[in-house]
1. Would you point out the residue of the stretch 203-254, among those that are over 19 Å from residue 296 (Cα atoms) and of a type in the set (Ser, Thr, Tyr), that is nearest to the chain's Cα centre (by Cα)?
2. For the stretch 241-258, how many residues are in a helix (DSSP H, G or I), out of contact with any Gly (no Cβ under 6 Å at 6 or more places or on another chain) and touching a residue at least 60 places away in the same chain (Cβ under 8 Å)?
3. Show the residue pairs meeting these rules: Cβ distance below 6 Å; 6+ apart or different chains; first residue within the stretch 304-325 and at pLDDT 90 or above and exposed (fewer than 14 other Cβ atoms within 10 Å of the Cβ); second residue among the charged types (D, E, K, R) and in a helix (DSSP H, G or I).
4. Which of (1) in a helix (DSSP H, G or I); (2) surrounded by 23 or more Cβ atoms within 10 Å (Cβ to Cβ); (3) more than 26 Å from the chain's Cα centre (by Cα) does residue 44 not meet, given it meets every other one?
5. With surrounded by fewer than 21 Cβ atoms within 10 Å (Cβ to Cβ) and touching a residue at least 24 places away in the same chain (Cβ under 8 Å) as the only criterion, which of 348, 402 stands out?
6. In the stretch 411-440, how many residues are in contact with a Pro (Cβ under 7 Å, 6 or more places away or on another chain) and of a type in the set (D, E, K, R)?
7. Every residue in the stretch 170-202 that is more than 33 Å from the chain's Cα centre (by Cα), part of a loop (DSSP other than H, G, I, E, B) and polar (S, T, N, Q), please.
8. Considering only the stretch 195-204, I want to know if a residue exists there that is under 26 Å from residue 112 (Cα atoms), buried (at least 17 other Cβ atoms within 10 Å of the Cβ) and touching a helix residue (DSSP H, G or I) at 6+ places or on another chain (Cβ under 9 Å).
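The values are calculated or read from the model by the stated rules, or taken from the named source; none is laboratory data. Note that the structure is predicted; figures quoted are calculated from it, not measured. Using ideal geometry, Cβ is built from the backbone for each residue, glycine included, and neighbour counts are taken over all protein chains shown.
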Amino acid sequence: MDKSGSRILCVDLDGTLILSDALFETAVAVLRKNPLRALLFPFWLIGGKARFKRRLSSMCGADDLEFPFSEDVISYVRGKVQGGVKAYLVTASDSLVAGKIADRLGLFEGVFASDGAVNLKGAEKAAFLEEMFGTGNFSYIGNDSCDIDVWKVSDGIVLANCSKKLEKKVRSEFPSKEIEVVGKPRRLSVSCAARLMRVHQWAKNLLVFVPLIVAHKYSNPGDVFASILAFVSFCLCASGTYIINDILDAGNDRRHCQKRFRPVASGEVSFPGAALAAAFLLFLGLLPALFLPEGFRAVLAAYTALTFLYSAYIKKKVLLDVMCLAILYNIRIYAGIHSIVVEISFWLFAFSLFIFLSLAFLKRFVEIRAVGKEVVRGRGYAGGDREIIAVLGASSGLISALIFIMYIENSAHLYYGNSNILLLGVLPIIFFICRIWIRAFRGEVDSDPVLSAVKDPANYLLILIMAALFLASGPL
């Protein structure tokens, strides 16, 4: 029995039992299979919201949905059930989804949900529960203003994961009722925003400065400023695309030992909130691009389009995914070229393509290593692919060292007075490749190789050595 004395506890689903919304979850699951189905959504909505929910739910298999549960609410409900209270899951989400969740948790006597004809929300839910249990014969746990209609006919009120604003409103509207608060409201902290935007990934965008450096344009203030604008533009647009990727991949991320803590996957940020943040960042990223040459804007558009294609389709395809990742790295160098309108040697692109291909293979290797012999969810790889991926990745990195030697032999003398000194630069390159792959085999590289590389102090020493060698070679 709860504080209100009720022997019946009705539990909401969206935002209460789960830190998400089943409607958005099913919509994303459908789009993940075929993004073009978004064009059909407006037509499906013509039949009403309940029918729309049923259609989406019927298209989702058992493995398509994985929800971020509110552990506070689950603990609360479990405690009440153990105390003799009968719990019922009552939700506006479709019954196909609600039933699966109830079966998984094993806490509920029954499930009442939208059925394709009736959208069980707000006043509809209040009338249903009043008829089912009688006025004042049940407690209700919810999180939204639409639940006020239900609390009007309930005995006890339990607020779950709700805002202070809603709590204040409910307390003022129901001064005589017993009110409990469970869980914490969503708050977008600076730390959460940084993780949502993957600020640490901005290190990749430093590649836009490579053309500025290798073309010896760093003494030109205009070119330096243009490169900075290109960097800012890429950082903002890349963050927007990362968020879209997190939305599409939320289900798989929740099954991952590390990725499940990402803001979207964990429920810290809602799908609609994440989508708005992505759109806003993409818009902000376009603003600096307006002050750069048209070629840069074309490259930025190509990067954004390819990233969307990768998130929706390519990352599920063996080998094609790592090649796409390597190209996305290289596009940043192209962007730097077009931001200052300069020509760069073919050797730079060949070198960067293979070293980034190695890092792309490394990313997949770490993911495969983490699952053992199982299939990597949302990817095209299985545990047995680990050895061949390691061979392909390490050899790609070593090929980049070979290309560096070929550059020194064939073209470096055109740009450096003592180009033979650069031959020593092969050693830091080989050291970097070998070291990061050895660390990966030891389990010292997490699912984000870029972050691991940024955290490794040895890599900064390698950068200083390479910089010293280029300076010692006497740029012409």
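1. Here the answer is 242.
2. Result for the stretch 241-258: 7.
3. Short answer, once both residue conditions are applied: none.
4. That leaves (2) as the condition not met.
5. So the residue among 348, 402 that is surrounded by fewer than 21 Cβ atoms within 10 Å (Cβ to Cβ) and touching a residue at least 24 places away in the same chain (Cβ under 8 Å) is 348.
6. Qualifying residue count for the region: 0.
7. From the stretch 170-202, those more than 33 Å from the chain's Cα centre (by Cα) are 170-180; that's our starting set.
In the following step, the residues that additionally are part of a loop (DSSP other than H, G, I, E, B) were identified as 174-178.
Residue satisfying the conditions is 176 alone.
8. Start the filter on the stretch 195-204 by keeping residues that are under 26 Å from residue 112 (Cα atoms), which leaves none.
Checked against the condition, which is being under 26 Å from residue 112 (Cα atoms), buried (at least 17 other Cβ atoms within 10 Å of the Cβ) and touching a helix residue (DSSP H, G or I) at 6+ places or on another chain (Cβ under 9 Å), the stretch 195-204 yields no hits at all.
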